[in-house]
1. Which of the strands (runs of 3 or more DSSP E) contained wholly in region A:40-96 include at least 1 residues that are within 17 Å of A:Met130 (Cβ to Cβ) and either modelled with pLDDT of 90 or more or under 15 Å from the mean Cα position of the chain (by Cα) (or both)?
2. For residues in region A:137-180 being at pLDDT 95 or above and surrounded by 18 or more Cβ atoms within 10 Å (Cβ to Cβ), which is nearest to the chain's Cα centre (by Cα)?
3. Quick one: B:Leu142 ticks every box in (1) hydrophobic (A, V, I, L, M, F, W, C); (2) surrounded by 16 or more Cβ atoms within 10 Å (Cβ to Cβ); (3) more than 21 Å from the chain's Cα centre (by Cα) bar one, so which box is it?
4. Looking at region B:341-438, what strands (runs of 3 or more DSSP E) fall wholly within it and have at least 1 residues that are touching a residue at least 24 places away in the same chain (Cβ under 8 Å), surrounded by fewer than 24 Cβ atoms within 10 Å (Cβ to Cβ) and of a type outside the set (A, V, I, L, M, F, W, C)?
5. What are the residues in region A:19-48 that are over 22 Å from A:Tyr222 (Cα atoms) and either more than 10 Å from every other protein chain (Cβ to nearest Cβ) or touching a His at 6+ places or on another chain (Cβ under 8 Å) (or both), if any?
6. Any residue at all in region B:279-288 that's assigned to a strand (DSSP E or B), in the same structural domain as B:Tyr423 (by TED's automatic domain parsing) and crowded, with 22+ Cβ neighbours inside 10 Å?
7. Going through region A:67-98 one residue at a time, which ones are among the polar types (S, T, N, Q), surrounded by fewer than 22 Cβ atoms within 10 Å (Cβ to Cβ) and farther than 30 Å from B:Leu398 by Cα?
8. Out of curiosity, is B:Ala261 in the same structural domain as B:Ser191 (by TED's automatic domain parsing), surrounded by fewer than 24 Cβ atoms within 10 Å (Cβ to Cβ), in contact (Cβ under 8 Å) with a residue 40 or more places away in the chain and in contact with a Phe, Trp or Tyr (Cβ under 7 Å, 6 or more places away or on another chain)?
Amino acid sequence: MKKGLALFAVMIILVGFSFAGDINFYGGLKGLFNSIKIKYKDSSVENKINLSSLSFGGKIEVDEIYYFSLYVGLTSAKFSEPVIFDNLPFSIKFPSDTQRGYYVNLNFHTYPFEIKGIEFGMGINVGMFMLKNSQWDIQLPIVSGMFDSDINSYDFNFNFLAKGEIFNGFYLYGGPSFLKIFGNIKGTEQINNDLTGEENKNFSNKKLMGFLVGFDYEVEDYLMISTEIRLINSYGLMVSLNYIF
Amino acid sequence: MKRYRYYMLIILMLIVFLPAWKNMERDSYNDRFSDNSVINFKLRSYIGQTGNEYSKDKIIVKLESNLDSYDRKKIFAETGFKKVEKLFDDYYIYENNERTDNIEDIIRKIRDIPGVKEVEPDYIAYLQTTPHDPYLKYQYYLANFGQTLTIDGKNITVKKDSDIKAKGAWDYSRGSSDLIIAVVDSGVDYSHPDLRDKLLEGYNFVVGNPYAIDDNGHGTEMAGIIGATTDNRLGISGICWDCKILPVKVLDADGKGRYSAIALGIRYAVDHGAKIINLSLGGYNPSFILEDAVKYAFNKGVAVIASVGDDKKKSILYPAAYTSYVLAVAASNYSDQRTTYSNYGPEVSVAAPGTYILTTTLQGKYAYVTGTSPATAIVSGIAGLILSLKNNISPSDLYKVIMYAADDVNEKTCPGTDIYFGYGRADAKKAVSPIELK
């Protein structure tokens with residue numbers, strides 16, 4: 001899954017280059033904070049996951065219509081309530097502490113139409129939050145064991161966008177947004193080397209449709225900042241700072 | 001203008017990274033918050049059976065009594081809540097359409113609004129896990145608080161905490177009505193008021209008819225320990241509140257039974273939906289038919305829990321000795337010590353209280369019973385609590401959960417596993433409550 005998405009990212013960039021006409025490069029930093037209500041599959045239990053990331057990468061602008069970007073960085077995740085693994089031989093209360101890992105973000109958006117100065121288009125955004133496996137000791141009265149966790153979260157975001165220049169270098173955009181978040185928390189328990197269990201808690205976001213609004217602002221000829229707010233489930237906030245080559 | 005642009009940039013970066021930083025620091029924030037005596041509550045989560053301690057979309061607000069309608073509306077608007085409803089006097093309940101995780105912050109803010117006298121979360125109360133059975137206080141094996149039992153005119157003070165921690169376990173599991181525990185024994189008293197609602201139609205392999213009526217008392221005693229009707233304000237509490245009991249009579253009025261009848265009884269229990277078979281019986285002779293019967297149960301995913309015997313021998317009864325398929329139970333006493341009667345040996349898997357165990361008996365009565373038989377029934381009850389929670393667990397894993405959760409109560413004299421207690425005295429709470437990772 002992870003390798004497949006990475007390959008997909010590379011392919012999109014290569015396809016972008018192959019169609020390239022007039023090309024501009026951007027490079028910079030991106031910060032992201034997502035707070036998402038989730039529900040577990042086959043369960044009525046709900047939780048909330050807060051995902052933060054700081055990534056660096058670049059964006060390619062082709063003919064001022066097509067935009068491809070790839071960012072990689074670090075992420076942290078925190079559940080608002082402990083996750084209970086109750087199908088393992090010994091139930092486990094997985095803490096809501098912050099988990100850390102890696103983040104990959106891939107974005108494509110385009111504005112092929114323009115009516116009276118307002119550009120219309122669409123965008124696709126894929127994010128991967130790959131948290132580091134963590135391991136805990138389990139101590140029972142006579143025997144001991146280990147618990148391993150493996151958490152991954154993916155988001156797929158599709159947007160219809162309208163964009164207009166409000167004043168010189170300041171572009172406001174927004175539109176309806178479809179967001180699908182899915183992930184898995186895998187817990188593996190091994191006690192005394194002879195009692196093992198594995199439980200997967202698959203989760204997804206509660207609501208899929210929402211609204212996205214953001215702006216791109218060319219502070220200088222060589223510097224652009226962008227922000228984006230996504231209101232689906234709870235909220236997501238993104239800001240990026242890019243150098244224009 | 002340029003300076004203004006850079007300020008704007010810094011503000012935007014702060015907007016994004018501040019929530020992320022807050023997210024990472026929330027643990028320490030909560031710790032500080034808990035030290036504040038004004039508002040001191042934290043979320044608590046259970047295993048999916050109970051929720052949080054307070055509602056996440058409602059708060060209770062008490063306003064100053066001299067406010068007019070305009071003031072009340074103004075205060076409500078200031079809180080940002082969506083709905084308001086008067087409870088009584090000056091109490092109002094404010095409600096949102098969605099649940100939120102930051103009720104603590106909201107309450108702190110609302111407390112500062114002029115006109116608000118008190119504000120608190122709408123706490124949630126739960127059914128108490130202490131059942132209202134009048135004889136529970138004599139069931140030290142469930143919850144031992146150092147009480148004194150009067151038995152045959154003699155006062156016996158039991159040692160605090162020498163119990164299976166049943167009350168703690170009941171917070172997580174009280175059994176399931178889908179779970180059947182077979183009592184393969186002398187039958188059960190179908191008319192006992194503390195049992196009759198829990199009993200399924202069984203079979204009598206002594207005479208060969210469907211009436212597993214108890215003419216000895218032993219089976220009724222075991223059934224009561226495992227699953228007497230609980231919280232009915234009558235008699236005792238069973239360990240597995242909601243489990244069903246399948247009576248299978250294989251012992252006669254004298255408490256004797258043929259191996260063939262026992263084997264048939266085991267197979268009958270397996271074929272009639274039992275997931276646990278309690279065998280508070282046994283003999284010193286190994287037997288192919290008995291071994292085949294417990295193997296049949298094990299291979300069909302049915303746990304067999306059997307007693308090691310009451311003769312203080314270094315040799316244990318069959319079928320308990322077939323430890324590849326059976327969990328062998330020894331008895332401890334009311335002070336978590338060795339008993340004077342329990343058999344012992346390397347086959348012992350686990351121990352449970354077996355001395356002065358209050359339970360149901362014939363003619364609607366109650367009695368204290370002693371032996372590895374009641375100890376076995378206690379472990380069967382614990383197995384019922386576990387299986388009600390985790391119905392996909394194999395008998396082998398179930399045995400390990402019971403053994404590994406047991407308290408090593410004699411670790412000073414025999415640390416680790418030993419021939420008297422096996423892994424230790426069974427602990428229901430450790431077996432069913434989630435382990436908190438640290």
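1. Qualifying strands (runs of 3 or more DSSP E): A:46-62, A:66-79.
2. Applying the filter and picking the extreme gives A:Phe147.
3. Only one criterion in (1) hydrophobic (A, V, I, L, M, F, W, C); (2) surrounded by 16 or more Cβ atoms within 10 Å (Cβ to Cβ); (3) more than 21 Å from the chain's Cα centre (by Cα) is unmet by B:Leu142, namely (3).
4. Result: B:366-369.
5. Those that are over 22 Å from A:Tyr222 (Cα atoms) and either more than 10 Å from every other protein chain (Cβ to nearest Cβ) or touching a His at 6+ places or on another chain (Cβ under 8 Å) (or both): A:Phe19, A:Ile36, A:Ile38, A:Lys39, A:Lys41, A:Asp42.
6. Yes, some residue in region B:279-288 is assigned to a strand (DSSP E or B), in the same structural domain as B:Tyr423 (by TED's automatic domain parsing) and crowded, with 22+ Cβ neighbours inside 10 Å.
7. Passing the criteria: A:Ser76, A:Ser80, A:Thr98.
8. The answer is yes for B:Ala261.
The values are calculated or read from the model by the stated rules, or taken from the named source; none is laboratory data. Note that the structure is predicted; figures quoted are calculated from it, not measured. Note that we place each Cβ from the backbone using ideal geometry, even for glycine, and neighbour counts take in every protein chain shown.
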